[in-house]
1. Starting at 0 and stepping by 5 Å, how many percent of the alpha carbon pairs of the range 199-288 end up in each bin?
2. With the convex hull built on the Cα atoms of the range 39-93, state its orientation-averaged projected area in nm².
3. Evaluate the charge dipole of the chain about its Cα centre and quote only its size in Debye, nearest 20, assuming +1 on the Cβ of each Lys and Arg and -1 on the Cβ of each Asp and Glu.
4. Ranked highest first by the average count of other Cβ atoms within 10 Å around their residues, in what order do 78-91, 256-269 fall?
5. What does the convex hull of the Cα atoms come to per residue for the range 35-170, in Å³?
6. Going down the table (K207/K229; K134/K229; K57/K265; K57/K287), which pairs top 24 Å between alpha carbons?
7. Setting aside same-chain residues fewer than 8 positions from K94, which lysines have a Cα under 16 Å from its Cα?
8. Put one equal scatterer on each alpha carbon of the chain, apply the Debye formula with no solvent term, and list log10 I(q)/I(0) at q = 0.07, 0.13, 0.15 1/Å to two decimals.
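Nothing in this text is a laboratory measurement; each read-out follows from the coordinates by a stated rule. Values in this document were obtained by computation on a predicted structure and should not be read as measured data. So basically every Cβ, Gly included, is an ideal-geometry build from the backbone, and we count neighbours across all protein chains shown.
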Amino acid sequence: MRNIVFFSAFTILLLVSLTSCSRSVIPVNQLPADSTITDIELEGYVNRSHIAILNRKPTNSELVSHLSQLAVDRYNRDIRRTYIEGLQSTADSKWVAWKYLSDRLIEGTDTSYFTQRTDQLDYLISTTSNPTYKIYLMEQRNRLSHAIGVANGWAAGDSAYTTMTMWMIQLPIYDEINMGTENFVVSTYNHFYHRYPSQNELLEASKMVDGAYGNLFGSNANSRLAFLKIFFEQDEYLQGLVISNTEMYLSRNPTPVESFEYTTKLRAEWDFLDLQNELLSSLEYVKG
């Protein structure tokens, strides 16, 4: 009888052990992704990162130089970060970032627009006899002048990316594309929060844009500029920045962990260039 009990207990333990072991087996389709970086992938990475930051392929000499830099240790992310920083430090990279925003927000309007529109507004201001219309024209002229200053500041490294963004959508052409107050508010939410405003948000934001007092995110204001300042101060704008750039560079949405981590860093210490570097120096981007 004791032998039977012992045998039964042993059998149960053996079955439990086998069952436990079987659960630890990793299916073939769940093996870790290949992290090998081939010579072809490394060359493709240099080409793609040049296009992303400078909107052009590298010259032959640049390609050789960058491949040599990265080949010191192609698996070392700090080397890739330094490489990306080098591309970001060029004047062309500032222009490309501006052009990307222009394509998204104002239909790719060229910088020649600034000169043409300024001359047009100056002429209209000097010839109109309508005081109300003159005030309207001067307000547009001031918005345009400020936007030009911010764009030049971005190129010189003196203006923040978000500041440039905010003033770009104050250009008169943004109004012309998104005619009407509600269209302006909806477009701004779509571009930067990746969603439509709620009914209450649309109502309160529209009041602000039209010069009446509204309450948005707990703040009262009565001007378009005040609305934009409140709007761009929210974490949801930073989350939208993460979404836009992850979609552009990695062709996917950020994971919840990435969204939280990158938004937190943007709030604390990062700027646009730090986020861009984080994405473009990743193994995922290298592998294409």
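1. In order of increasing distance, the bins hold 3, 13, 21, 17, 12, 13, 12, 6, 3, 1, 0 percent.
2. Mean orientational projected area (the range 39-93, Cα hull): 3.4 nm².
3. Roughly 540 debye, rounded to the nearest 20.
4. 78-91, 256-269
5. Hull volume over Cα atoms, normalised by residue count, gives 124 Å³.
6. K134/K229; K57/K265
7. Excluding near neighbours in sequence, the set is empty.
8. -0.41, -0.99, -1.20
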